[in-house]
Amino acid sequence: MSAVSSCRICGGHLHEFFEFGRQPLANALISPGHDGEELLFRLAVGICRSCTMVQLTDEVPRELMFHDAYPYRSSGSAFMRDHFESVAHEFLDTELKGNGFLIEIGCNDGVMLRTIAAAGMRHLGVDPSRGATEAARSQGMRVRNCFFDEASAAGILAEEGPANVIYSANTISHVPYVESIFNGVASLLAPGGIFVFEDPYFGDIVERTAFDQIYDEHFFLFTVRSVANLAERSGMQLVDVAHLPVHGGEIRFTLSLRGAREPTARVAEMLRAEDARGLTDLATLQRFSMAVQNSRRALLALLRDLRGRGKRVVGYGATAKSATVTNYCGIGPDLLPFIVDNTPAKQGRLTPGSHIPIRPPEAFSRPYPEFAVLFAWNHAREIMEKEREFRKTGGRWILYVPQVHVV
Ligand code: SAH
Ligand code: TYD
Ligand code: ZN
C-alpha cells in the first residue's frame, strides 16, 4: 500500500477532504473457513490543487484487486445488459459501420462485447480477471487476460493493428496508472478513431452524497474539467460528454487524438456548469464531508432503532459500495444478519471487514424481512420491480442516497 500526498497525475499538492479510516478491499469477500488476516488500507480522498483531479490518497496494488477470483459480474443487471447492448449498437451504426476493430478495456463477462461479436465485428476484450472473462470466452469473444497499459498496448498494436474504437466502462476510474492507459490508447488509436469511457461522475456523487462510490477500486472520481486536463497530457482531447443515468450517475467521455475531431458544444457547456456550481471548491467539498457524516449518523440511528424494536432487517445487493457503508458506519451481522445477492461468486461468502453473510436472492422471501437496506440503490427500479411481493407483505426499503429514508 503506498501513500501519496501529491497528485498521481501531475504531482501537484493533494488536499485531502475526507477520510473513512482503515477499510478492507471492497471486493475481497471472505470464504467460509478462511481465517487469514484481512488486508486493510487507509481510505481517504483528496483533490489536486493544480489539475483538479479528485483521487484516493492511498493506492492498492492492482493484482490485489483484480485477479482470477474477482467476484464482480456485469451481466447481473437486466438494465445494464440493455444499456451495454445499446452502446454496442451505437458503435456498430456509426464508428464501426462497414468494418472496423473495437477494443474493450475491462470487458468483464462480455456484457458489451457480446453484441459486437454477434455482429461479426473484429474485437478484442482486455481484462486481467480470468474468472470474470470465462463467460465472454465461452460465448466466443476474443479476450486477453492482462492489464491494459502502455506496455500491453504495444503488444496489441504489433499483433492486431490500430483500433477504430477503444471503449471502457467502469474501469478507467479504477486505474491509478491512468496515464499509462492513456498513452497506450493514444498509440493504438487509428488516426480518426475514438476512445470512449463511462465512469461515475463526481458531480453526482456530491449532489447525492453517494459516499459509497468511494472505495479502493474507484481511485479517481472524474469531473469534466479533470478529464479534459488529463486528455491533453497524452496528446488527446475531450471531444464529447454525455450524462448517463446508470450506476447513480456517470459521464461518457469521448476522446480523439488532438486535432482529429471538433469538440461539441456540450463539452464547453458542462465545463461552464461545473464552474458555476463550484463543484471542486473547498466549500463544496466541506459540505459534502458534513453530509457524509450526517448520513452515517442517520443510518446507524435508524438501524439501531429498528433492532431495538425487534424488527427484522436484511441487506439487498452485496455491492462493492456496501463495503464502504458497512465498514465506515460500523454495520455488522448484529444489525444486518445477511445480505442477498444474485451473483453466484458472492453467495456463501462474507462481506469484507463487516463479515455479513451473503445469501442467494431466494433467502429474501423465506420469510420476507420487515425492512431491507438497498445497497444496490443504483439498481432500485429493477430490484423493486422484481421484489414487488416484498412491498405487498408490508416490507419497506431503506435507502441512504441522497439521504437516509424509508420507502
Ligand atoms: N466494463 C464492465 C466491468 C467493470 S468492473 C462494466 O461496466 O460492468 C472493472 C473491470 O476492469 C474488472 O473486470 C477488472 O478486472 C478490469 N480491470 C481492472 N484494471 C484493468 C486494466 N488495467 N485493464 C483492463 N481491465 C482492467
Ligand atoms: P453494482 O451496483 O453494479 O456494483 P458495485 O459492486 O461496483 O457497487 O452491484 C450490484 C450488486 O447487486 C451485484 O453484486 C449484483 C446485485 N444485484 C442483485 O442481487 N439483484 C439484482 O436484481 C441486481 C440488478 C443486482
Ligand atoms: Zn494534479
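Annotations for the structure displayed:
- Angle between the chain longest axis and helix 178-188 axis [Cα atoms, degrees, rounded to 10]: 40 degrees
- Considering all C-alpha pairs of the stretch 82-222, those separated by over 19 Å amount to 51%.
- Whole-percent carbon and sulfur share, accessible surface of the chain, 1.4 Å: 50 percent
- Using a cutoff of 8 angstrom between alpha carbon atoms and counting only pairs six or more residues apart, the relative contact order for the stretch 20-129 works out to 21 percent.
- Cross-link partners for Lys392 among the aspartates and glutamates, with Cα-Cα distance under 19 Å and sequence neighbours closer than 8 places in the same chain left out: Glu362, Glu370, Glu382.
- Inter-site label distance for Ser31 and His13 at 7 Å from Cα along Cβ, in nm: 4.8 nm
- The GNM of the chain, with springs linking C-alpha atoms under 10 angstrom apart, assigns the highest mean-square fluctuation among Ile251, Ile356, Ile156 to Ile156.
- Selected from Asp204, Asp275, Asp109 as most flexible by GNM, with the chain as the system and alpha-carbon contacts under 10 Å: Asp275
- For the chain, the mean residue ellipticity at 222 nm estimated from helices alone is -10000 deg cm²/dmol, where every DSSP H run of n ≥ 4 contributes -39500 (n - 2.57) and the total is divided by all residues, rounded to the nearest 500.
- Over the chain - Rg/Rh using Cα atoms and the Kirkwood inverse-distance radius: 0.96
- Potential extension, Arg381-Ala242 segment - 0.36 nm per residue separation minus Cα distance: 47.9 nm
- The calculated FRET efficiency for Ala363 paired with Arg287, based on their beta-carbon distance and R0 = 35 Å, is about 0.35.
- Debye-formula intensities of the stretch 184-273, expressed as log10 I(q)/I(0) at q = 0.10, 0.11, 0.14, 0.19 Å⁻¹, are -0.26, -0.32, -0.50, -0.87 (one equal scatterer per alpha-carbon, no solvent).
- Residues listed by number, the stretch 328-347, amide nitrogen under 14 Å from Ala69 label point at 7 Å toward C-beta: 345-347
- Eigenvalues of the alpha-carbon gyration tensor of the stretch 283-399, scaled by 5 and square-rooted, set the equivalent ellipsoid semi-axes at 23, 16, 15 angstrom, largest first.
- Gyration tensor verdict on the stretch 71-113 (Cα atoms; rounded if a/c is under 1.5, prolate if a/b is larger than b/c, oblate otherwise): oblate
- Nearest-20 debye value, the chain charge dipole, Cβ charges on Lys, Arg, Asp, Glu: 1180 debye
The values are calculated or read from the model by the stated rules, or taken from the named source; none is laboratory data. Not measured: the values here are computed from a predicted model. Note: ideal-geometry Cβ built from the backbone for every residue, glycine included; neighbour counts use all protein chains shown. The accessibility values were calculated without ligands, DNA or RNA, using every heavy atom of the protein model including side chains. Shrake-Rupley method; radii C 1.70, N 1.55, O 1.52, S 1.80 Å.
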